[in-house]
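*Asks:* Got a structure for you, written out below as structure tokens; questions coming shortly.
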Amino acid sequence: EEQEEDVLRELRLFLRNITERLSLDRRFKAFTKPVDIEEVPDYLMVIKKPMDLSTLLTNIDQHKYVTVGEFMADADFIWKNALEYNPDSDPMDRNIRHRACALKDTVRAIIRDELDEDFERVCEEIRESR
Ligand SMILES: CC(=O)c1nc(NC(=O)[C@H]2CNCCN2)sc1-c1cc(O)cc(O)c1
């Protein structure tokens with residue numbers, strides 16, 4: 001009902017704010033757009049579920065996420081994919097892995113500091129009721 005739509009609207013505002021802040025952080029430039037398959041032709045042979053910050057934003061606008069947990073599961077693919085595609089001691093690999101770990105820690109720190117547990121519980125109640 002109306003109250004549920006108010007909660008989900010607030011969830012989308014919260015998730016957009018996080019995603020936009022991450023997209024502005026220069027450390028995460030490589031994660032802002034889908035990997036360019038012309039640039040990295042073997043990428044889709046290695047990575048089964050590509051994800052990036054612009055796709056998170058599109059998903060939010062398409063009402064894909066009903067809880068913060070669902071958003072985090074997709075956000076986690078961004079850094080997990082980068083660790084998987086960049087396993088070597090190559091300086092480029094190390095650099096991307098460092099940024100992937102920074103992205104993982106930054107998302108978790110923002111959620112821990114800014115998400116009210118009661119709000120997430122209400123979102124999970126809505127998800128279970130659907
Ligand atoms: C996002 C990601 O995981 C990524 N990984 C890369 N790794 C490499 O190029 C390593 C792979 N091992 C051998 C030495 N090269 S390039 C790259 C990337 C960065 C961008 O700014 C845009 C983009 O489309 C893709």
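*Asks:* Give the angle, between 0 and 90 degrees and rounded to the nearest 10, that separates the Cα long axis of helix 68-85 from the longest principal axis of the Cα atoms of the chain.
*Replies:* The angle comes out at about 0 degrees.
*Asks:* Quick one: putting +1 on the C-beta of Lys and Arg, -1 on the C-beta of Asp and Glu, what dipole do you get for the chain around its Cα centre, in Debye to the nearest 20?
*Replies:* Values: 21 positive and 31 negative charges, 138 e Å.
I would put it at about 660 debye.
*Asks:* Using a 7 Å offset from Cα along Cα-Cβ at M45, what residues in region 89-112 end up with backbone N under 20 Å from the label point?
*Replies:* The answer is 89-90, 93, whose backbone nitrogens lie closer than 20 Å to the label point.
*Asks:* OK, next. How are the Cα pair distances of the chain distributed, in percent, across 10 Å bins from 0?
*Replies:* Whole-percent P(r) values from 0 Å outward: 12, 42, 30, 14, 3, 0.
*Asks:* Can I ask one more? For the chain, take the longest principal axis of its alpha carbons; what is the angle in degrees between that and the long axis of helix 91-114, to the nearest 10 within 0 to 90?
*Replies:* Compared with the principal axis, the helix lies near 10 degrees.
*Asks:* If you don't mind, another one. Taking θ as phi - 60°, what are the ³J(HN,Hα) couplings along region 47-55 by the Karplus curve (6.51, -1.76, 1.60), each to the nearest whole Hz, with x for Gly and Pro?
*Replies:* After applying 6.51 cos²θ - 1.76 cosθ + 1.60, I find 9, 7, 10, x, 8, 7, 5, 5, 5 Hz.
*Asks:* Given the Cα-Cα distance of D116 and H63 and 0.36 nm per residue of separation, how much length would full extension add, in nm?
*Replies:* Numbers: separation 53, 0.36 × 53 = 19.08 nm, distance 2.02 nm.
Here the answer is 17.1 nm.
*Asks:* Here's another thing I want to ask about it. Quick check: residue separation of R16 and E125 times 0.36 nm, minus the Cα distance between them. What number comes out in nm?
*Replies:* On the way: separation 109, 0.36 × 109 = 39.24 nm, distance 2.14 nm.
Length gained, R16 through E125: 37.1 nm.
*Asks:* Still on this structure, I have one more. With everything on Cα atoms, drop me the angle between helix 2-24 and the longest principal axis of the chain, reported from 0 to 90° to the nearest 10.
*Replies:* 20 degrees
*Asks:* Work out the FRET efficiency for M72 and N95 from their Cβ-Cβ distance, taking R0 = 25 Å, and round it to the nearest 0.05.
*Replies:* Efficiency for this residue pair is about 0.55.
*Asks:* For the chain, what % of the accessible area comes from carbon and sulfur atoms, probe 1.4 Å?
*Replies:* Details: 4220 of 8000 Å².
Answer for the chain: carbon and sulfur cover 53 percent of the accessible area.
*Asks:* Evaluate the distance, in nm, between pseudo-label points positioned 7 Å from the Cα of D88 and of D36 along their respective Cα→Cβ axes.
*Replies:* Those two pseudo-labels are separated by 2.0 nm.
*Asks:* Further question on the same structure: Quote the accessible area belonging to S54 in square angstrom, nearest 10, computed with a 1.4 Å probe and with ligands, DNA and RNA left uncounted.
*Replies:* Near enough 30 Å² of accessible area.
*Asks:* Accessible area per residue of region 1-63 at 1.4 Å probe, in Å²? List each step's numbers first, then the result.
*Replies:* Values: 4080 Å² over 63 residues.
Accessible surface, normalised per residue, equals 65 Å².
The values are calculated or read from the model by the stated rules, or taken from the named source; none is laboratory data. What you see is a predicted model; the values in this text were computed from it and never measured. Heads up, the Cβs are rebuilt from the backbone with ideal geometry, glycines too, and the neighbour counts pull from every protein chain shown. Accessible surface areas use protein heavy atoms only, side chains included; no ligands, DNA or RNA. Shrake-Rupley method; radii C 1.70, N 1.55, O 1.52, S 1.80 Å.
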